[in-house]
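Chemist: The structure that follows is given in the form of structure tokens.
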Amino acid sequence: MKLIIHYLGRHKRWLLFNFVCVFGFIIIELGLPTLLANMIDKGLPTKDMGYIKTQAIWMIVIVIIGVLLNILLALCGAKITTSIVQEIRNDMFANVQNYSHREYEEIGVSSLITRTTNDAYQVMLFLNLILRTGFMTPIMFISSLVLIIRTSPSLSVFVAVTIPFLLIGVFLIAKISEPLSKKQQKNLDGINRILRENLSGLRVVRAFVNEKFEEKRFEKVNTDYSESSKKLFKLMAAAQPAFFFLFNIVMALIIWFGALQIDAGGLQVGNLIAFIEYIFHALFSFMLFATVFMSYPRAAVSAKRIQEVLDIKSSISLNEEGVKKTETNGFLRFENVTFAYPGHSESPVIRDVSFTASPGETVAFIGSTGSGKSTLIQLIPRFYDVTRGHIYLDDVELRDYNLAALRQKIGYIPQKALLFSGTIAENMKYGKPDATAQEIETASEIAQATEFIQQKPDRYEERLAEGGSNFSGGQKQRLAIARAILRRPAVYVFDDSFSALDYRTDANLRARLKEETENTTVLIVAQRVGTIMHADRIIVLNEGEVVGIGTHHELLENCSVYYDIASSQLSEEELA
């Protein structure tokens, strides 16, 4: 409830208006039986048609006002609930944007999607239920109870006997539904996870003819979700008939004993009719409140999951007050850097790495798979923080920078180029929103993307499908490189970003990059020796440690690890 109360506090005016509508609706609903009782007990015995007509007119007026208030109540509830859920989703998304890789791995992407969509929707349903009936039913019940006791104290005993049974039923249902709700939402996470994996890996699934295996895997988690949902819905479905059964028994007993009191002269007909109406409102209000109470465990589970997302703070500090500008641009220095992934401090993937890189230099990293190359350069934009040691950019320790300012200095191009749905121009402007058409064309030309862009029917306005699936791997890599070039950063970080390019395109791109980055620091991670053999300095990694630093020819002579890699890729003439 803490989450819901927090967001409700942002809409005090609408909440006050909601209360006004609730009170008005209650007064009108309870006023109708009173007017009806007066009409029967006072107007009919004396055949006073004027009095009867007056009461009838008042009843019509009250009904019209009641309908209007009910409509306003619905509109008010819709306004508050939709606004709150919008704010919850915005706050969750904003907080998730600041997560480091560690937090994403902790919660899981599929669970984050479920929490932002389905869990927020469950909170919205519960909020709407509270605003429409949760506030109304307690007041309606208490008001009806007062009128019941005032009208016939003897018949009110039936209500007193019924309430404990209703309370026990509500408590039991709420107790049983909470674990079922937790299981249901957890199973929904599983559905999202498998669906996401299957859709993103559809080509692999088809290549290995594993459609049936994936169907069975999905069927299992879907069946688990279905079973937990069935149990929950059966429980809720059984509650309403049980309440109505008890409700009808009470009504039958009241009518029976009320008729006996009328026969004995202890109760008037109009009062009995009004009493029945009050009883109906009291018990029906209690049943509605029970529905709210029974829905609470499910909403509480969703609210707790949402609160977890909002409470988690990134392990990478944004450092809002940190350094934003420096006198120099691109001087990078690693000093005895060691890094271990969270939870694996005893087995670091990088050990005591030290090197420098200056503007105008191209520093390359090579090593066997798992040697720590990609992990090393992911420390520069602070996707992770170092475990030990220091990294300096322009003589400022990375953690002393304002995080946004630090990343503005870096143009990071991952191996798997990620493009967004939209046009080519929109994707390139992701690196520089105010880029001109000429700047976009220049960046495309440097990245060797102009040729295939010109062949598209709409050129720079050609639309990309989700993830750029309508473009080849090499085309996506070149667009990602162009996006980074457009930004004009102080440091370029290429994480095996040329792997999908053919040798001619690779060579042309590197030649143009060399011209473009004369005063910029360039870091390249590569598997192909041909991509980095002309780098100013090559750093060779083996099992997280630096085993060689030098030029291509120097390393061929004094680094056996580099020689083994090079000899497996180059001819004897190239090795000479």
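Chemist: Taking region 246-289 as the search range and keeping residues that are polar (S, T, N, Q) and modelled with pLDDT of 70 or more, which one is nearest to Ile168 (Cα to Cα)?
Modeler: Ser285
Chemist: Would you confirm, using the coordinates I've provided, whether Phe165 is surrounded by fewer than 19 Cβ atoms within 10 Å (Cβ to Cβ), among the aromatic types (Phe, Trp, Tyr), in a helix (DSSP H, G or I) and in contact (Cβ under 8 Å) with a residue 60 or more places away in the chain? Step through it out loud before you land on a result.
Modeler: On the way: surrounded by fewer than 19 Cβ atoms within 10 Å (Cβ to Cβ): yes; among the aromatic types (Phe, Trp, Tyr): yes; in a helix (DSSP H, G or I): yes; in contact (Cβ under 8 Å) with a residue 60 or more places away in the chain: yes.
Yes, satisfied.
Chemist: Looking at the structure I just gave you, is Lys476 surrounded by fewer than 18 Cβ atoms within 10 Å (Cβ to Cβ) and not assigned by TED's automatic domain parsing to the domain that holds Gly360?
Modeler: When the stated conditions are applied, Lys476 does not pass them.
Chemist: Continuing with this model, one more query. Any idea which of Thr520, Thr505 is within 20 Å of Ser444 (Cα to Cα), among the hydroxyl-bearing types (Ser, Thr, Tyr), surrounded by 15 or more Cβ atoms within 10 Å (Cβ to Cβ) and modelled with pLDDT of 85 or more?
Modeler: Answer to the check: Thr520.
Chemist: What about Arg537, is it closer than 29 Å to Gln408 by Cα and at pLDDT below 85?
Modeler: When the stated conditions are applied, Arg537 does not pass them.
Chemist: Here's another thing I want to ask about it. Given the residues Ser374, Ser354, Ser345, Ser315, which is the only one that is hydroxyl-bearing (Ser, Thr, Tyr) and touching a helix residue (DSSP H, G or I) at 6+ places or on another chain (Cβ under 9 Å)?
Modeler: Of the residues listed, the single one that is hydroxyl-bearing (Ser, Thr, Tyr) and touching a helix residue (DSSP H, G or I) at 6+ places or on another chain (Cβ under 9 Å) is Ser315.
Chemist: Within region 411-447, how many residues turn out to be closer than 28 Å to Thr326 by Cβ, out of contact with any helix residue (DSSP H, G or I) (no Cβ under 9 Å at 6 or more places or on another chain) and either crowded, with 22+ Cβ neighbours inside 10 Å or not β-branched (Val, Ile, Thr) (or both)?
Modeler: 2
Residue by residue, here is whether (1) under 26 Å from Ala404 (Cβ atoms); (2) outside any loop (DSSP other than H, G, I, E, B); (3) in contact (Cβ under 8 Å) with a residue 40 or more places away in the chain; (4) in contact with an Asp or Glu (Cβ under 7 Å, 6 or more places away or on another chain) holds:
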| residue | (1), (2), (3), (4) |
| --- | --- |
| Ser317 | yes, no, yes, no |
| Glu320 | yes, no, yes, no |
| Glu335 | yes, yes, yes, no |
| Ser345 | no, no, yes, no |
| Pro348 | no, no, yes, no |
| Arg351 | no, yes, yes, yes |
| Ile366 | no, yes, yes, no |
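Chemist: What is the number of the single condition among (1) over 43 Å from the mean Cα position of the chain (by Cα); (2) of a type in the set (Asp, Glu); (3) surrounded by 14 or more Cβ atoms within 10 Å (Cβ to Cβ) that Asp564 does not meet?
Modeler: (3)
Chemist: Just checking, how many residues over region 397-410 are in contact with a strand residue (DSSP E or B) (Cβ under 8 Å, 6 or more places away or on another chain) and surrounded by 18 or more Cβ atoms within 10 Å (Cβ to Cβ)?
Modeler: Summing the residues that are in contact with a strand residue (DSSP E or B) (Cβ under 8 Å, 6 or more places away or on another chain) and surrounded by 18 or more Cβ atoms within 10 Å (Cβ to Cβ) in region 397-410 gives 5.
Chemist: In this structure, is Val301 surrounded by 19 or more Cβ atoms within 10 Å (Cβ to Cβ), among the aliphatic types (A, V, I, L, M), touching a strand residue (DSSP E or B) at 6+ places or on another chain (Cβ under 6 Å) and within 26 Å of Glu103 (Cα to Cα)?
Modeler: no
Chemist: With Gly31, Gly77, Gly9, Gly66 as the choices, which residue is touching an Asp or Glu at 6+ places or on another chain (Cβ under 8 Å) and either buried (at least 16 other Cβ atoms within 10 Å of the Cβ) or modelled with pLDDT under 80 (or both)?
Modeler: Working: Gly31 fails: touching an Asp or Glu at 6+ places or on another chain (Cβ under 8 Å); Gly77 fails: touching an Asp or Glu at 6+ places or on another chain (Cβ under 8 Å); Gly9 fails: touching an Asp or Glu at 6+ places or on another chain (Cβ under 8 Å).
Result: Gly66 is the single residue among Gly31, Gly77, Gly9, Gly66 that is touching an Asp or Glu at 6+ places or on another chain (Cβ under 8 Å) and either buried (at least 16 other Cβ atoms within 10 Å of the Cβ) or modelled with pLDDT under 80 (or both).
Chemist: Follow-up. Only one of Tyr460, Tyr392 is more than 28 Å from the chain's Cα centre (by Cα), assigned by TED's automatic domain parsing to the domain that holds Ser374 and of a type in the set (Ser, Thr, Tyr); which? Can you show your working first?
Modeler: Working: Tyr460 fails: assigned by TED's automatic domain parsing to the domain that holds Ser374.
One residue alone meets the criteria, Tyr392.
Chemist: Let me ask something additional. Any residue in region 541-556 that is in contact (Cβ under 8 Å) with a residue 24 or more places away in the chain, out of contact with any strand residue (DSSP E or B) (no Cβ under 6 Å at 6 or more places or on another chain), assigned to a loop (DSSP other than H, G, I, E, B) and within 16 Å of Ala449 (Cβ to Cβ)?
Modeler: No: region 541-556 contains no residue that is in contact (Cβ under 8 Å) with a residue 24 or more places away in the chain, out of contact with any strand residue (DSSP E or B) (no Cβ under 6 Å at 6 or more places or on another chain), assigned to a loop (DSSP other than H, G, I, E, B) and within 16 Å of Ala449 (Cβ to Cβ).
Chemist: Restricting to region 202-243, what's the tally of residues that are part of a loop (DSSP other than H, G, I, E, B) and either exposed (fewer than 14 other Cβ atoms within 10 Å of the Cβ) or β-branched (Val, Ile, Thr) (or both)?
Modeler: Adding up the residues that qualify gives 2.
Chemist: Looking only at region 48-58, which residues are at pLDDT below 75 and among the hydrophobic types (A, V, I, L, M, F, W, C)?
Modeler: Listed by number, the residues that qualify are Met49, Ile52, Ala56.
The values are calculated or read from the model by the stated rules, or taken from the named source; none is laboratory data. Remember, it's a predicted structure, so these values are computed and weren't measured experimentally. Using ideal geometry, Cβ is built from the backbone for each residue, glycine included, and neighbour counts are taken over all protein chains shown.
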